[in-house]
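Just so you know, all these numbers are worked out from the coordinates, no wet-lab data involved. Since we're looking at a predicted model, the values are computed, not measured. Positions of Cβ are generated from backbone atoms using ideal geometry, with glycine treated the same way; all protein chains shown enter the neighbour counts.
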Amino acid sequence: MFEFIRTHKRFLQFVLLILILPSFVFFGVQGYSRFMEGDQALARIDKAKVTQQDLDNAMRQRVDQMRQQFGSQIEARLIDTPEARKAMLDQLIDQQVVAAEIRSNWIAVSDAYLRDTIAAIPAVQKDGKFDLELYQRALASQGLSEQVFEARLRNDIASARVAEALSSSSIVPQTVLEKLARQAEQTISYREQLFRATDFASKVTVNDEALKNYYDANLKQFEQPERLKAEYVVLDLPTVSKMVEVKPEEVRAFYDKNQDRFKSEEQRKASHILVKADKGASADDLAKAKTRAEALLAQVKANPASFAKIARESSQDEGSAPSGGDLGFFGRGAMVKPFEDAVFGMKEGEISAVVQSDFGFHIIQLTGLKPSAVRSFDEVRAEIESEQRKNLAAKKYAELAESFTNTVFEQSDSFKPIVEKMKLQVSTVDGITRDRLNQPSRPGDPLSARVIESLFSADSIKNRRNTEAIEVAPNTLVSARVVDYQAARTPPLEEIKPAVQARLVAQESARLAREAGAIRLQSLQKAPAEVSGLGEVRSVSRATAQNLPPQVVSAIARASAGTLPAAVGVDVPGLGYGVYLVTALGEAPALSDERRASLTSALQRVTGELESRGLLADLRQQHKVKVLKTDFSKQDESAAAASKPAEKR
């Protein structure tokens, strides 16, 4: 075949020319490109469009950003969902709409403003100033030229200006602010009577006919999802480390060649008496401090045994004075240089002359020595063995990973070959459902979403073959296989009769509680003074729910708008039915300046966002936006390929 092509190259070029030329004649270059690739527009904005490729690229960038933020092992399918794609398409449309508005209104960003914006980016600054080399290096790391980056930034700035006036100039009237604050923080006094569903369970009678009717009417509730039992093998560094052997003679050889690594530096122990003198003190103050230090030195020299006592009484180092000036053991580099030079030039027990440093004047006594020494082989043997085992394991893992991948694929009918070859352990897990596909992978869990997805593939379920080797974490490969599979099913009533009965009893108990609560509510609305059965008076506000469900707080707040006392009833999730008598409204606390500023800022953000949304809606109409695709429940193959590896089979 290839020999024919080489021999008849000129003939084939002529044939290709005949085939391609008519396409250019009839359609032109752009038409030919569209004819070959197809028009993948998802939305049109005036003459611009958002294509499938634009959306794929935006989602890929989103996945990359999430992985940088939360770790490389996060599953793309948890991010690249139909809902996320629809939201991203809306964002891309809005960007194009804003760009169209910029073009039509000649919104420009000056070179000076652009230059100042770039110079203010911390990542391209050195010592607080713009650094051209850092700037160019940062762009190169992103694969951008200066022209492309600056054009994008200029467009971003112009886009921000389109909505800036609305988002930043939203006015919140003080009357509105005061009213909202009063409604949020005003206390409402109420009394409660809760009709618990569990209290009515004993009154519910369930016969077989009722169970059958309930079961037939709620089959969806009792459907059991498809599930499978699987076994898997893992190749990781801890497993491989058990395979490697660290030879004692190599441990010893490493120790002999790396003596400096196990050498401890000389350390010295000292005490001092400090007379403080700031670095920038005047000559007169320095002289006075030095005179004071020399006087203390004279006392110490006269009675060296009193050093600790004098340090406690006279040293101005608050940290060491209580312990008699003791600084403990330290090595070179731990102290300021004049102090260090003096200490490491002294003999044990010696007292120095007055030493000046940036902190003032010191009198130093050397109280202990720890000479430099090499840790013995026995002390560091375990440390060396551990390090060498890790290095050997990493090297062996690199060798075994390819063999593991090939073996589980080429001999996919069983784990027996890989177990015999690498002495791996087979683990089993039962009750796996597709729900795990929508859950983030837990650290250390070998059954990541990618593994679960492979197990639920048609090939794995039908042929019970090993999945490909999947990297679930750095230096961790997993292959799994289906052992048993159960399709989704609705169990017969007899199999789950207790569960059906429990649900029916709970439903009927809640109904009886609601009916009893409704009767009590009617009587309380007619006679609010009849408070028997109601609890003690409590208070609540919209801002402080005090563990009340939102439905209850909302019902109590609505009741307070009418004539008091007022009674309301509401279903309390998980408990039953509640009847609430609102008795009084408290005074809302006065707004502090801090609280007022916080509320104003929050309301400005909300109103600004709403106005910005309104602006974008108007711009969409002006620029004739036409959305061509709204259903992303079935993603294109190109999008699916970006979120999972290519199939080997």
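Compute the length gained on full extension between Lys624 and Glu536: take 0.36 nm times their separation in residues and subtract their Cα-Cα distance, giving the result in nm to one decimal.
Working: separation 88, 0.36 × 88 = 31.68 nm, distance 6.12 nm.
Residue separation times 0.36 nm, minus the Cα-Cα distance, leaves 25.6 nm.
Between Gln68 and Leu132, what FRET efficiency follows from the Cβ-Cβ distance if R0 is 22 Å, with the result rounded to 0.05?
According to the calculation, E is roughly 0.25.
On full extension of the chain, what length is gained from Asn218 through Arg261, given 0.36 nm per residue of separation minus the C-alpha to C-alpha distance? Show your work: numbers first, answer last.
Details: separation 43, 0.36 × 43 = 15.48 nm, distance 7.23 nm.
Between Asn218 and Arg261, full extension yields 8.2 nm more.
What is the total of Lys pairs in segment 266-371 with C-alpha atoms under 22 Å apart, excluding same-chain pairs fewer than 8 positions apart?
Count of close lysine pairs: 23.
Which of [x] 0.94; [y] 1.52; [z] 1.12 is the computed Cα Rg over 2.2 N^0.38 Å for the structure on display?
Looking at Cα Rg over 2.2 N^0.38 Å for this model, the match is [y].
For the cross-link pairs Lys247/Lys421; Lys263/Lys395; Lys257/Lys396; Lys203/Lys526; Lys462/Lys497, which exceed 30 Å when the distance is taken from alpha carbon to alpha carbon? Spell out each step's value before the answer.
Values: Lys247/Lys421 23 Å; Lys263/Lys395 28 Å; Lys257/Lys396 24 Å; Lys203/Lys526 28 Å; Lys462/Lys497 32 Å.
From the list (Lys247/Lys421; Lys263/Lys395; Lys257/Lys396; Lys203/Lys526; Lys462/Lys497), the Cα-Cα distance tops 30 Å for Lys462/Lys497.
What number comes out for the charge environment of Gly325, summing +1 per Lys or Arg and -1 per Asp or Glu over other residues with Cβ under 13 Å away? Walk me through the numbers on the way to the answer.
Numbers: positive: Lys269, Lys309, Arg312; negative: Glu313, Asp317, Glu318, Asp326.
Overall, the nearby charge balance is -1.
At a 10 angstrom cut-off on C-beta neighbours, averaged per residue, how do the peptides 55-62, 577-584 rank from highest to lowest? Working shown, then result.
Working: 55-62: 17.5, 577-584: 22.6.
Order by mean packing, descending: 577-584, 55-62.
Filter the chain for me: DSSP H helices, axial length by Cα at least 24 angstrom, mean Kyte-Doolittle hydropathy not below 1.0. List them by residue number.
Working: long enough: 9-37 (28 Å, 1.06); 52-70 (27 Å, -1.69); 82-105 (34 Å, -0.38); 146-169 (34 Å, -0.23); 283-302 (28 Å, -0.14); 377-410 (47 Å, -0.75); 497-526 (44 Å, -0.32); 593-622 (42 Å, -0.76).
For the chain, where a helix must reach 24 Å along its axis and average at least 1.0, the hits are 9-37.
Can you give the helix-only mean residue ellipticity at 222 nm for the chain, where every DSSP H stretch with n ≥ 4 adds -39500 (n - 2.57) and the sum goes over all residues, rounded to the nearest 500 deg cm²/dmol? Could you put the intermediate results ahead of the total?
Values: 22 runs with 324 residues, N = 649.
Rounded to the nearest 500, the figure is -16500 deg cm²/dmol.
Please give, to one decimal in nm, the separation of the simple spin-label points placed at Ile496 and Lys390, each 7 Å out from Cα toward the Cβ.
Between Ile496 and Lys390, the simple spin-label model gives 5.0 nm.
Just to verify a number: FRET efficiency for Lys347 and Ala602, C-beta to C-beta distance, R0 = 51 Å, to 0.05? Please report the intermediate quantities before stating the final value.
Numbers: r = 69 Å, r/R0 = 1.36.
Plugging the Cβ-Cβ distance into 1/(1 + (r/R0)^6) gives 0.15.
Could you give the dipole magnitude of segment 326-369 about its Cα centre, charging the beta-carbon of Lys and Arg +1 and that of Asp and Glu -1, in debye to the nearest 20?
Values: 3 positive and 6 negative charges, 17 e Å.
Value, rounded to 20: 80 debye.
Around Ala506, with a cut-off of 14 angstrom between Cβ atoms, what is the net charge of the other residues, counting Lys and Arg +1 and Asp and Glu -1? Don't jump to the answer; show the numbers that get you there.
Numbers: positive: Arg196, Lys203, Arg503, Arg511, Arg514; negative: Asp199, Glu508, Asp571.
It works out to a net charge of +2.
Please list, by residue number, everything in segment 221-241 whose backbone N is under 15 Å from a paramagnetic label point 7 Å out along Cα→Cβ of Ala458.
none
Can you pull the one-decimal nm distance between simple spin-label points at Ile519 and Val419, each 7 Å off the Cα toward Cβ?
Between Ile519 and Val419, the label points sit 6.6 nm apart.
Straight distance only, please: which aspartates and glutamates reach the Cα of Lys126 with their own Cα at less than 17 Å, same-chain residues fewer than 8 apart left out?
Lys126 reaches Asp116.
Kindly state, to the nearest 0.05, the FRET efficiency for Leu177 paired with Leu564, given R0 = 30 Å and r defined as their beta-carbon distance.
Working: r = 25 Å, r/R0 = 0.85.
The formula returns an efficiency of 0.75 here.
Using Cα centres only, tell me the gap between segment 412-476 and segment 285-340 in whole Å.
If we compute the Cα centre of each part, the gap is 67 Å.
What spacing in nm lies between the two simple spin-label points modelled at Ser633 and Asp199, each 7 Å away from Cα in the Cβ direction?
It works out to 4.5 nm between the two label points.
Work through the residues other than Tyr215 whose Cβ is under 13 Å from its Cβ and net out their charges, Lys, Arg +1 and Asp, Glu -1.
Once all neighbours under 13 Å are counted, the net charge is -2.
How much length would be gained if the chain were fully extended between Asp593 and Arg312, taking 0.36 nm per residue of separation minus their Cα-Cα distance, in nm to one decimal? Kindly include the intermediate steps, with their values, before the conclusion.
Numbers: separation 281, 0.36 × 281 = 101.16 nm, distance 4.96 nm.
Once the chain is fully extended between Asp593 and Arg312, it gains 96.2 nm.
Straight-line reach from Lys242: which aspartates and glutamates have a Cα under 16 Å away, not including same-chain ones fewer than 8 places off?
Glu385, Glu387, Glu399, Glu420
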